[in-house]
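In what follows, a single structure is set out as structure tokens and then discussed.
Here, each number is a calculation from the coordinates, and none is a lab measurement. These figures come from a predicted structure and were not determined experimentally. FYI the Cβ positions are ideal-geometry reconstructions off the backbone, even for glycines, and counts take in every protein chain you see.
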Amino acid sequence: MANERRLADGRVELVDTARIEASALYNRDLAPVPLAERTWTTYNYAALWVSMAHCIPTYMLASGLMTAGMNWSQALVTILLGNTIVLIPILLNSHPGTKYGIPFPVFARAAYGTLGSNVPALMRALVACGWFGIQAWIGGEALQTMFKIIVPGWPTLLGSGFAGHTTTEWMSFLLFWGLNVFIIYRGMDLLRAVENWAAPFVLVMTGALLWWAVSKANGLGPLLAQPGKFHTLGEFLPVFVPSLTAMIGYWATLSLNMPDFTRYGRSQREQMIGQVVALPTTMSLFAAMGVMITSATAIIYGESIWDPVQLVGRFTSPVVVAVSMFTVVVATLAVNIAANVVSPANDFANAFPKYVSFKTGGLITGLLGIAIQPWRLLADASGYIYTWLLGYSGGLGSIAGVLIVDYWIARQRELSLEDLYLANGVYRGWNWRALAATGIGCACAWIGLVVPALKLLYDYAWFVGFGASAVVHLALAPSGRAPAVEPARSA
């Protein structure tokens, strides 16, 4: 029996709810969210981006560019430009989430097929697992620094440990990891509550750290006078290009899976305004704080300290260290759940809908986050920016190109909500066109890793992957609003 389902654009679509729920491709976590149950407003989306941007990896992003040789203005322009560019695919892929109430892996079924959607979903999920591990390691560092102040002799209390880290460092890492898993099992409502109060709290505390840094460095003048290493355009461009691509890669994950959040939005207008207002401004503001503080450390300590946890660890006041590290824990916890758990949990559930729930998918994310060994990725700034961020951006850019062309051009924003959940519907199986386009995009983006003469393509990895996959998919996709395959429904 068909039921009426009102979409965010006001249209009413007939959906056989019973048929969807009986499908092997359905579970409650992947189900379309009805309009009546959507509670996220403009503020919620703005707070989401504020809390995700105001985190230690963002700080390290800006300070890492300075350790690569940029001055403060070059670093900030690179970050602002990168975030403005990535906002475009973020908004384009947000639209179907709000219109149909569907998460990213279900949206991907339209372009890739019900089985093929697991390819982009799992590619995205593995990147998120890496990010989960990175954030968990940073949070563990903050707890370790805080425990040093509270417990005398804490660093060596349980022995020297292994792999270059003490036993208590590993314990702090696992404790923070456990806090993440606890929130995963409590659900999205707790996440929204944490996001709403964590965002302004983190900004205030970072502002206090900036005030200290400026005071110790005798004002802004000496900070702004810190020179960069590049004096000509020819010297600057070889660093600027991969750095810009890495900045886009920073949010390339969210440019795919924003439907996981916009499915809870009350209207397109609210989710768009919240994102447009919050993302570029907060990223630039927080990055500017990181740049100023890093510049100050060069003056105060004679060396640039790009990790704020290590910086605060040099303070002597127990109260200052404790409050600062609590702030880091809150910030990291909020962004880790929002940016690095929601999507992969849905992605793993999409691969095995009847066996993997959101909570189980979140636990899988956490375990893979440990297996990826985040302590190696954070060993130095160049590895973090030019290996991790730049490397995966080519693959995610290739997926974004396919999704945007498929939804906005080939299908003209029209999807069959019911068929997205049916194994024998119009989106059934594998769409070889989308998979071929993605494969070609990845090959073009990554070929510079093995062919030195084509390294420039790797420096532009996200742009190359996005452009190549978009062009190929546009050439191969059926014209008009035709489905990926012909319907073959059983009686």
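Using the Cβ-Cβ distance between T156 and R376 with R0 set to 35 Å, the FRET efficiency works out to roughly 0.95. Restricting the calculation to Cα atoms, every distinct pair contributes to the Kirkwood radius of segment 236-305, found to be 14.9 Å. Taken as Cα centroids, segment 247-280 and segment 90-134 sit 13 Å apart, rounded to the nearest whole angstrom.
Filter the chain for me: DSSP H helices, axial length by Cα at least 24 angstrom, mean Kyte-Doolittle hydropathy not below 0.0. List them by residue number. Present the calculation step by step, with values, prior to reporting the outcome.
On the way: long enough: 72-100 (43 Å, 0.81); 118-150 (46 Å, 0.93); 167-186 (29 Å, 0.89); 188-216 (41 Å, 0.91); 233-250 (25 Å, 1.29); 268-300 (47 Å, 0.98); 318-340 (31 Å, 1.95).
Within the chain the helices that satisfy the rule are 72-100, 118-150, 167-186, 188-216, 233-250, 268-300, 318-340.
Magnitude of the charge dipole for segment 37-395, about its Cα centre and with charges confined to Cβ atoms of Lys, Arg (+1) and Asp, Glu (-1), is about 600 debye.
In this label model, L210 and Y355 are separated by 4.9 nm, measuring between points 7 Å along each Cα→Cβ vector.
Tell me, S304, S94 in order of fewest to most beta-carbon neighbours within 10 Å?
By the 10 Å Cβ count, ascending: S304, S94.
Within segment 84-152, the percentage of alpha carbon pairs spaced more than 14 angstrom apart rounds to 73%.
Could you check how many percent of all C-alpha pairs in segment 304-415 are farther apart than 22 Å? Pairs farther apart than 22 Å: 57 percent.
Charge tally for G116 (other residues, Cβ to Cβ under 13 Å; Lys, Arg +1; Asp, Glu -1): +2. Charge dipole of segment 355-441 (Cα centre as origin; +1 on each Lys and Arg Cβ, -1 on each Asp and Glu Cβ, all else neutral): 80 debye, rounded to the nearest 20.
From the largest down, segment 272-315 spans 43, 17, 12 angstrom on the principal axes of its Cα atoms. Approximating the spin labels as points 7 Å out from Cα along Cα→Cβ, the L220-to-I273 distance works out to 3.0 nm.
Neighbour counts of other C-beta atoms within 10 Å: give me M52, M60, M258 arranged from fewest to most. Could you put the intermediate results ahead of the total?
Details: M52 26, M60 23, M258 30.
Going from sparsest to densest Cβ surroundings: M60, M52, M258.
Quick one: if the Förster radius is 35 Å, what FRET efficiency do T17 and W408 give, using the C-beta to C-beta distance and rounding to 0.05? Computed FRET efficiency for T17 and W408 comes out at 0.80. Would you pull out the residues with amide H under 5 Å of A423's amide H, same chain only if 5 or more places away, H placed 1.01 Å from N? Those qualifying (amide H under 5 Å, at least 5 residues apart or on another chain) are A24, L25.
Short to long, the 10 Å bins of the Cα pair-distance histogram for segment 434-480 hold 33, 45, 18, 4, 0 percent of all pairs.
The average projected area of segment 357-456, computed from the convex hull of its Cα atoms over all directions, is 9.5 nm².
How many percent of the alpha carbon pairs in the chain exceed a separation of 38 Å? Walk me through the intermediate numbers first.
On the way: 30227 of 120295 pairs.
Tail fraction, whole percent: 25.
Where does the chain land at 222 nm, in deg cm²/dmol rounded to the nearest 500, when only DSSP H runs of n ≥ 4 count, each adding -39500 (n - 2.57), divided by all residues?
On the way: 22 runs with 322 residues, N = 491.
Taken over the chain, the calculation gives -21500 deg cm²/dmol.
The order of L158, L115, going from fewest to most other C-beta atoms within 10 Å of their C-beta, is L158, L115. Treating only the Cα positions of segment 26-77 as identical point scatterers, give the base-10 log of I(q)/I(0) from the Debye formula at each q in 0.23, 0.29, 0.30 Å⁻¹. With no solvent term, the Cα-only Debye profile gives -0.90, -1.02, -1.04.
Taking a straight Cα-Cα cut-off under 29 Å and skipping sequence neighbours fewer than 8 places away in the same chain, the lysines within cross-link reach of K455 are K229.
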